[in-house]
Amino acid sequence: MKRTNIDIAIGILDTLQDAEYHTITATTLKVAKYFHFTKNEMNEIYGSRNISSTTISNTKIYTQVQLLISSLRKAKYVKDFPGTKNKGIFIITDKGLKLIPLTPTEIKKQISEEIKKYTK
């Protein structure tokens, strides 16, 4: 089942709600668990990539999570750990934490336009 960017963004925010620092790999694995991804879904790669073996960092879900973390960062829902820009270590911001009590539908309404601006 294909998950939309906004669905994955909600999974990411749910994963980050503990207000701890996270990495892209750990977040990808938690998002996959959140959505009950099958092994096949986890190992799916883009056909355009010429890869001899599948690792988490070259899968479709990893790429999608990476793109959405970047979008959430630009929309100020996520920020980098100080001094680690471009290293994939991040935490949810106060703006992101304000979304946690909302329902998924309310979160979608609130962040969908912001996310779309950055995922084109």
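Out of (i) 7.7; (ii) 8.8; (iii) 6.7, which label holds the value of mean projected area of the Cα convex hull in nm² that was computed here?
Looking at mean projected area of the Cα convex hull in nm² for this model, the match is (i).
Straight-line reach from Lys30: which lysines fall under 18 Å, measuring Cα to Cα and dropping same-chain residues less than 8 apart?
Candidates past the 8-residue exclusion: Lys2, Lys39, Lys60.
With a 10 Å radius around each residue's Cβ, average the other Cβ atoms per peptide and rank 28-40, 99-111, highest first.
Packing proxy ranking, top to bottom: 28-40, 99-111.
If you place +1 on the Cβ of every Lys and Arg, -1 on the Cβ of every Asp and Glu, and leave all else neutral, what size is the dipole of region 5-118 about its Cα centre, to the nearest 20 Debye? Numbers along the way, then the final one.
Details: 17 positive and 11 negative charges, 67 e Å.
Around 320 debye, computed over region 5-118.
Under a straight-distance cross-link criterion of Cα-Cα below 19 Å, which aspartates and glutamates are reachable from Lys33, leaving out those fewer than 8 residues away in the same chain?
In chain and number order, the partners are Asp7, Asp14, Asp18, Glu20, Glu41, Glu44.
Starting from the Cα of Thr119, move 7 Å in the Cα-to-Cβ direction to define the label point; list residues of region 62-83 whose amide nitrogen is under 16 Å from there.
62-78
Only loop residues by DSSP count here, and only those with at most 16 other Cβ atoms within 10 Å; note down the chymotrypsin sites (Phe, Trp or Tyr not before Pro) in region 54-107 that meet that.
Listed in order of number, the matching sites amount to none.
Quick check: net charge around Lys108, other residues with Cβ under 14 Å of its Cβ, Lys/Arg +1 and Asp/Glu -1?
-2
Which lysines have a Cα less than 18 Å from the Cα of Lys95, not counting those fewer than 8 places away in the same chain?
Within the straight-line limit of under 18 Å, Lys95 reaches these lysines: Lys74, Lys76, Lys79, Lys108, Lys109, Lys116, Lys117.
Just so you know, all these numbers are worked out from the coordinates, no wet-lab data involved. As the structure is a computational prediction, the values presented were derived from the model and not from experiment. Counting neighbours? That spans all protein chains shown, and the Cβs are built from the backbone with ideal geometry, glycine included.
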